[in-house]
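These notes concern the structure reproduced below.
Bear in mind that the values in this text are calculations on the coordinates, not laboratory data. What you are looking at is a predicted structure, and each value in this text was computed from that prediction instead of being measured. Please note: Cβ atoms are built from the backbone with ideal geometry, for glycine as well, and neighbour counts cover all protein chains shown.
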Ligand SMILES: C[S@@+](CC[C@H](N)C(=O)[O-])C[C@H]1O[C@@H](n2cnc3c(N)ncnc32)[C@H](O)[C@@H]1O
């Protein structure tokens, strides 16, 4: 898959490919990432890319022509790629959106700066708008990097064990279960005995109960997405009874 980021700060975006799963994805050839800067299409000698908003008000806006030229160049490099504007006014990024992005051949992630971009560019060139949360960043680059990281780990062959995506938080609309590693006694705290029992069925049951419990405690809204079947209801009830009895 190919991702082009339209940004005034290409050096910021470059960092996403230097570590973690994006680096692995780029190394295996599953992902290529490049950048296009609107500043390269500026026509005056100051290489201006912003101007004052019509109607007055604080701040500046990215001017349409240089941004449009950069998006056109990105489309030339990745024909058919979806043009996604990073924007607080967009649909909130979630697991389903990341999965859908990872199944496309390409994305063009457009990063706003200043007070944002001219609406006419959105109307003419943007396929969808995506927000990474209900807060305002100074630019779209961190959001684009979030998309790249989240997409990279879903690309085929990137994670050593594909099962680790399946057990991640938000798969099946559940949060992840707790994890433990050596030593089995750390500062006086042990690990749940079932994890060292060798009984894989019991371990699977314990993990499923913990996923249900973590979700019920922290994100009960996710149950609206997945519903609660009889098995999940029984496991959750058993987990609550167990924790009430042992005061865990
Ligand atoms: C300072 S913000 C503009 C905020 C805009 N005036 C508003 O209130 O909606 C500049 C740019 O940062 C990016 N940005 C800010 N917050 C974001 C968020 N939560 N998700 C994605 N991109 C964001 C967008 O590309 C935006 O054009």
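Quick notes
- Test: residue in region 17-37 that is within 13 Å of the ligand (Cβ to nearest atom) and either in contact (Cβ under 8 Å) with a residue 12 or more places away in the chain or surrounded by fewer than 18 Cβ atoms within 10 Å (Cβ to Cβ) (or both): no
- One residue stands out among those in region 143-168 that are without any contact (Cβ under 8 Å) to a residue 60 or more places away in the chain and either buried (at least 17 other Cβ atoms within 10 Å of the Cβ) or not in a loop (DSSP other than H, G, I, E, B) (or both): the one that is farthest from the ligand (Cβ to nearest atom), which is 163.
- Conditions (1) surrounded by 15 or more Cβ atoms within 10 Å (Cβ to Cβ); (2) in contact (Cβ under 8 Å) with a residue 40 or more places away in the chain; number of the one not met by residue 97: (2)
- Complete set of residues in region 108-118 that are closer than 17 Å to residue 133 by Cα and either more than 7 Å from the ligand (Cβ to nearest atom) or not in a loop (DSSP other than H, G, I, E, B) (or both): 109, 110, 111
- The residues of region 191-207 that are within 12 Å of residue 238 (Cβ to Cβ) and in contact with a helix residue (DSSP H, G or I) (Cβ under 6 Å, 6 or more places away or on another chain) amount to a single one, 206.
- Filter result (within 13 Å of the ligand (Cβ to nearest atom) and closer than 22 Å to residue 68 by Cβ) within region 85-107: 85, 86, 87, 88, 89, 90
- Residues satisfying the stated conditions in region 58-67, i.e. without any contact (Cβ under 8 Å) to a residue 40 or more places away in the chain and either in a loop (DSSP other than H, G, I, E, B) or out of contact with any helix residue (DSSP H, G or I) (no Cβ under 6 Å at 6 or more places or on another chain) (or both): 65
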